[in-house]
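**Student:** Structure incoming, see below.
Values in this text are rule-based calculations from the coordinates and carry no lab data. Just so you know, these numbers come straight off a predicted model, no measurement behind them. So basically every Cβ, Gly included, is an ideal-geometry build from the backbone, and we count neighbours across all protein chains shown.
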Amino acid sequence: MYMLEQIVSNFRHNGTYASGAPYGSGHINDTFKIDTKETDQYNYILQRVNHHVFKDVPGLMENVERVTSHIRKKIEANPDSNPDREVLTVIPTHNNSSYHVDSDGNFWRMYIFIWDNKSYDVVDSPEKAFEGGRMFGQFQSQLADLPGKPLNDTIPNFHNIAWRLDTFMDTLKRNPVGRADLVKEEIDFVLARAEEMKTILRLGEAGEIPLRITHNDTKFNNVLLNQEDKGLCVIDLDTVMPGYVHYDFGDSIRTSTNTGAEDDPDLDKIEMDIHLFEGYTKGFLHETKDTLNQVEIDHLAFAGKLFPYMIGLRFITDYVDGDNYFKVHHEHHNLQRARAQFKLLTSMERQFEAMKEIVRKYAGGRDAKT
Ligand SMILES: Nc1ncnc2c1ncn2[C@@H]1O[C@H](COP(=O)(O)OP(=O)(O)O)[C@@H](O)[C@H]1O
Ligand SMILES: [Mg+2]
C-alpha cells in the first residue's frame, strides 16, 4: 500500500486531504482518486506512472505539460468553456515540478479530477462513436500548431509496423518455447499482408504524409463524456508523441467498432460494425477534414485494417515468445487474442469498399490543402 496522504502532500493542490482509493479500470498506471474535505474544492486524480513501460517519465511529463497548456490556451479563448474540465490540469509540486519521485523511485503526478464525467469501455451506438471521433479529431487539430521542438518519443517504435514485423521474424527464428509450429496459419496470414501493411510508413518516408502529433491510445475510455454523453475531455496522454494521423484513427476503429471482445474465443461474434465506423468517421472528419491532406484522407479506411493487423501481430509474437509482455489468463490466450484480431481484419477486408465510401462522404466539401 502507498502512503497516499503523504504523497499528496508534495503537491500544491487546494483543499484538505480527506481520503484516497484506487480508481478506474486502466491497466498501465496505478490510479487513485483523492477526495478533499471541502465541498467547494476540487477532488484529484493521483497516478503512479508505470516507469517499466515508460522509461523516460520526465520526458513524458514534459510532453504532457506542453500539450495540456497549449490546449488550455485554446479552450480559454472560448468564453463558454471550462478549462478545468475540458483538458487535464497538471498540479505542480512544491518545487514546481510536474511530478514527484518517492523514496522507492516511483513517479507520481496529480490532475484535477474531472467531475460529473461518464466513461465507457464499449461503444454501443453511432452517436457515441461520433463523440469519440469528434474528440480525438479535435485533439488532433488543437495540436496541429504546437510550437517548439518535436515531442519526446515516450515508447520508441510503438506503432512502427516494420519494426513489429522484424521482431516477429526474430522471435520465430529463436522459437524459445517451441510454439512456432502451432502458428503456421497465422504466419501465412501475416506474411501475405506484410508489404501492404507498410503503406503508411512508405508514404511517410516519401514525404506524402506529415508526421503529426498523435495520441496513440485512442480507446473509447480515454475520452470522458458529460452527463448527456457528449465529449468532454481527452485523457491518458502518456503516449502522445509524433505519429501519423492514421495511428489515432486506426486504433479507434479497431477498439470502437468490434461487435465482439478483443479476445473473443467465438470468432463468429467478431465483425466490424459499419454503423459505428460511420459514426466515428463522421465525427473525426468533422474536426480534421480541413487540415488533413488528400493522401492522408485517402488512407484513413486502410488505417482501420492496419491496427487489428498490428495488434494481432503483437499478440502472436508474444505467444511465440512465451507470454512475456501481455498478461495471460490461460495457456493459449495470446493465440486466441491474435485470432480474434485477425478475424476483425478479415471483416474489414470484406467491407473495405463501404469503408472507403464513408470516408469520401464525410471528407467532401473540404478545402484541399495539398
Ligand atoms: N483527470 C481525470 N478525471 C477523472 N477521471 C480520470 C482522470 N484521469 C484519469 N481518470 C480515470 O482513471 C482511469 C485510468 O486513467 P488513465 O490515465 O487512462 O490510465 P491508464 O493508462 O492506466 O489507462 C481512466 O480510464 C479514467 O476513468
Ligand atoms: Mg486509459
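**Student:** For region 128-174, go through all pairs of different Cα atoms, get the mean of 1/r, take its inverse, and jot down that Kirkwood value in Å.
**Tutor:** That comes to 14.0 Å for region 128-174.
**Student:** Which entries of Lys118/Lys289; Lys128/Lys219; Lys55/Lys118; Lys282/Lys305 show an alpha-carbon separation above 21 angstrom in the structure shown?
**Tutor:** Lys118/Lys289; Lys55/Lys118
**Student:** Moving to a separate point now. Highest mean first, how do 39-48, 309-318 rank when packing is the count of other Cβ atoms within 10 Å averaged over residues?
**Tutor:** For the peptides 39-48, 309-318, the packing ranking is 309-318, 39-48.
**Student:** Now a separate question. What is the distance in Å between the Cα centres of region 165-182 and region 268-341?
**Tutor:** Computed from Cα coordinates, the inter-centre distance equals 22 Å.
**Student:** To the nearest 10 degrees, how steep is helix 300-321 against the longest Cα principal axis of the chain, on a 0 to 90 scale?
**Tutor:** 90
**Student:** Using just the helices of the chain, give the 222 nm mean residue ellipticity in deg cm²/dmol: DSSP H runs with n ≥ 4 each add -39,500 (n - 2.57), and the total is spread over all residues, rounded to 500.
**Tutor:** Rounded to the nearest 500, it is -14000 deg cm²/dmol.
**Student:** Separate question: Please report, to one decimal in angstroms, the Kirkwood hydrodynamic radius of region 126-363 built from all distinct Cα-Cα pairs. The partial results should precede the final answer.
**Tutor:** Details: mean 1/r = 0.0548 Å⁻¹.
After inverting the pairwise mean of 1/r, the radius is 18.3 Å.
**Student:** Let me ask another. Enter the angle in degrees (range 0 to 90, nearest 10) between the Cα long axis of helix 333-350 and the first principal axis of the Cα atoms of the chain, meaning the one along which they spread out most.
**Tutor:** 70
**Student:** Taking every pair of alpha-carbon atoms in region 36-128, give the share separated by more than 16 Å as a whole percent.
**Tutor:** On the way: 2811 of 4278 pairs.
So the pairs more than 16 Å apart make up 66 percent of the total in region 36-128.
**Student:** Choose one answer from Asn95, Asn63, Asn293: the residue with the largest mean-square fluctuation in a GNM of the chain with alpha-carbon springs under 10 Å.
**Tutor:** Of the options given, Asn95 has the highest mean-square fluctuation.
**Student:** Tell me, what ³J(HN,Hα) does each residue in region 189-197 have, in order and in whole Hz, if you take phi through Karplus 6.51 cos²θ - 1.76 cosθ + 1.60 with θ = phi - 60° and put x for Gly and Pro?
**Tutor:** 4, 5, 5, 4, 10, 4, 5, 4, 6
**Student:** Once both axes come from the Cα atoms, what is the angle between helix 245-256 and the longest principal axis of the chain, in degrees from 0 to 90, rounded to 10?
**Tutor:** Orientation of helix 245-256: about 90 degrees from the principal axis.
**Student:** In whole Hz, with x marking every Gly and Pro, tabulate ³J(HN,Hα) for region 45-62 from phi via Karplus 6.51 cos²θ - 1.76 cosθ + 1.60, θ = phi - 60°.
**Tutor:** Couplings: 10, 10, 10, 8, 6, 6, 7, 7, 7, 9, 6, 10, 5, x, x, 4, 5, 4 Hz.
**Student:** Determine the distance separating the Cα centre of region 17-36 from the Cα centre of region 128-157; give it in Å without decimals.
**Tutor:** What the calculation gives is 25 Å, centre to centre.
**Student:** Taking Rh as the Kirkwood radius computed over C-alpha pairs, what is the Stokes-Einstein D of region 1-68 at 37 °C in a medium of viscosity 0.692 mPa s, expressed in µm² per second?
**Tutor:** 246
**Student:** Does region 126-210 come out rounded, prolate or oblate by the C-alpha gyration tensor, with a ≥ b ≥ c the root eigenvalues, rounded set by a/c under 1.5 and, if not, prolate when a/b is larger than b/c and oblate if not?
**Tutor:** Taking the square roots of the gyration eigenvalues as a ≥ b ≥ c, region 126-210 is prolate.
**Student:** Pull up all non-local amide H partners of Arg212: gap of 5 or more, or a different chain, and H-to-H distance under 5 Å with H placed in the peptide plane.
**Tutor:** So Arg212 has HN proximity to Gly243, Tyr244, Val245.
**Student:** Given a Förster distance of 30 angstrom, what is the FRET efficiency for Asp84 paired with Glu208, based on the Cβ-Cβ distance and rounded to 0.05? Let's see the in-between values first.
**Tutor:** On the way: r = 40 Å, r/R0 = 1.33.
That gives a FRET efficiency of 0.15.
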